[in-house]
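Visitor: Pasting a structure below so you can have a look.
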Amino acid sequence: MTTLTAKFQLGQLVATPGAIEAMQESGQTPDFFVEQHVTGNWGIVSEEDSVLNDEALKDGSRILSAYLTLKGKKLWVITEATDDDGHRAATTLLLPEEY
C-alpha cells in the first residue's frame, strides 16, 4: 500500500447536496477526490489554475481542483485560503453550479 503525502491541510471537510448525489450516482466516495486534491493532482483544471494552485501551496491562497465522476459529472474540490495564523478552515466538494 502506498502512503500518500498531503501537500496542505484540508481543514473541515464538507460536501454540498449536489456533490453528495453525484458521488452516490457514480458509486465513488469523497476519499477518492480528496486524496487526489490533497496530494497535488489538480485534475482537469486549466493550466493557469494549475499554476495558481502550485503557488497557493506557498502563499496560502485558495486551491481549486476539478474532476469528473465515473458518470461524467464535474466535481470541484475547493480548499479555502489560509487565515492570519496559516490555517485552512475548510475544504468543500461541490458541483460548479453550486458555487
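Visitor: Restricted to the range 58-75, and to residues that are touching a residue at least 40 places away in the same chain (Cβ under 8 Å) and either of a type in the set (Val, Ile, Thr) or touching a strand residue (DSSP E or B) at 6+ places or on another chain (Cβ under 9 Å) (or both), which residue is surrounded by the most Cβ atoms within 10 Å (Cβ to Cβ)?
Guide: Step one: filter the range 58-75 for residues touching a residue at least 40 places away in the same chain (Cβ under 8 Å), giving 63, 69-71, 73, 75.
Right, trim to either of a type in the set (Val, Ile, Thr) or touching a strand residue (DSSP E or B) at 6+ places or on another chain (Cβ under 9 Å) (or both) and you get 63, 69, 75.
Values: Ile63: 27, Thr69: 19, Leu75: 25.
My answer is Ile63.
Visitor: Next up: In the range 1-40, what residues are out of contact with any strand residue (DSSP E or B) (no Cβ under 9 Å at 6 or more places or on another chain), open to solvent by 80 Å² or more (accessible area, probe 1.4 Å) and within 11 Å of Thr69 (Cβ to Cβ)?
Guide: Hits for the range 1-40 are Glu21, Gln24, Glu25.
Visitor: Another question, then. Mind checking which residues of the range 1-28 are β-branched (Val, Ile, Thr), under 19 Å from Glu98 (Cβ atoms) and assigned to a loop (DSSP other than H, G, I, E, B)?
Guide: Correct list: Thr16 only.
Visitor: Moving on. Being assigned to a helix (DSSP H, G or I) and open to solvent by 20 Å² or more (accessible area, probe 1.4 Å) is the filter here; which residues of the range 41-57 pass it? Don't jump to the end; show me each part of the working.
Guide: Within the range 41-57, the subset assigned to a helix (DSSP H, G or I) is 47-57.
Passing the criteria: Glu47, Glu48, Asp49, Ser50, Val51, Leu52, Asp54, Glu55, Leu57.
The values are calculated or read from the model by the stated rules, or taken from the named source; none is laboratory data. Predicted model, so just to flag it, every value in this text is computed and none were measured. In this analysis, Cβ positions are derived from the backbone assuming ideal geometry, glycine residues included, and neighbour counts consider all displayed protein chains. Side chains are part of the model used for accessible areas, which takes the heavy atoms of the whole protein and leaves out ligands, DNA and RNA. Shrake-Rupley method; radii C 1.70, N 1.55, O 1.52, S 1.80 Å.
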